[in-house]
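Trainee: First, the structure itself, so that you have it in front of you.
The values are calculated or read from the model by the stated rules, or taken from the named source; none is laboratory data. Because the structure is a prediction, the values reported are computed rather than measured. No Cβ is skipped: glycine too gets one built from the backbone with ideal geometry, and neighbour counts run over all protein chains shown.
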Amino acid sequence: MSAKTGAAKKLSLEKVLDLNEATALQTKLMALKGSDVTIDASAVERVGALCVQVLMSAAKTWEEEKKNFTIENVSDAMSKTMQLIGVNYDHLLAKESRK
């Protein structure tokens, strides 16, 4: 991703990222389009595949626009779900969150 050019905007994810939250998540992300973004995933207790898809699509969009898209403070529940469905998101993690 690109070098930091200012403070990234922050988006805190909801506790439950299910089908009902997917549209709201997409709307929130599109409102931040054009800015560097840091996603705080610390509160996530449950995440569905559709919200994962929204996040991965957003990450690709930000990459194409040469903007930073970083996920930090990933909860255990989100990490386990990502592993279970086979999504590698290590390249999106904040440096201090990488294993």
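Trainee: What's the number of the condition LYS28 fails, among (1) surrounded by 14 or more Cβ atoms within 10 Å (Cβ to Cβ); (2) over 19 Å from ALA7 (Cβ atoms); (3) not small (Gly, Ala, Ser)?
Mentor: (2) is the only condition that LYS28 fails.
Trainee: So, in the stretch 54-84, exactly how many residues are within 18 Å of ALA31 (Cβ to Cβ) and touching a residue at least 40 places away in the same chain (Cβ under 8 Å)?
Mentor: 5
Trainee: Now a separate question. Please go through the stretch 62-86 and give me each residue that is β-branched (Val, Ile, Thr) and surrounded by fewer than 15 Cβ atoms within 10 Å (Cβ to Cβ), ordered by number.
Mentor: ILE85
Trainee: On to the next question. Quick one: what pairs do we get from the stretch 85-99, first residue modelled with pLDDT of 70 or more, second assigned to a helix (DSSP H, G or I), C-beta under 6 Å, 6+ apart or different chains?
Mentor: ILE85/ALA49; VAL87/VAL52; TYR89/MET82; LEU92/ALA59
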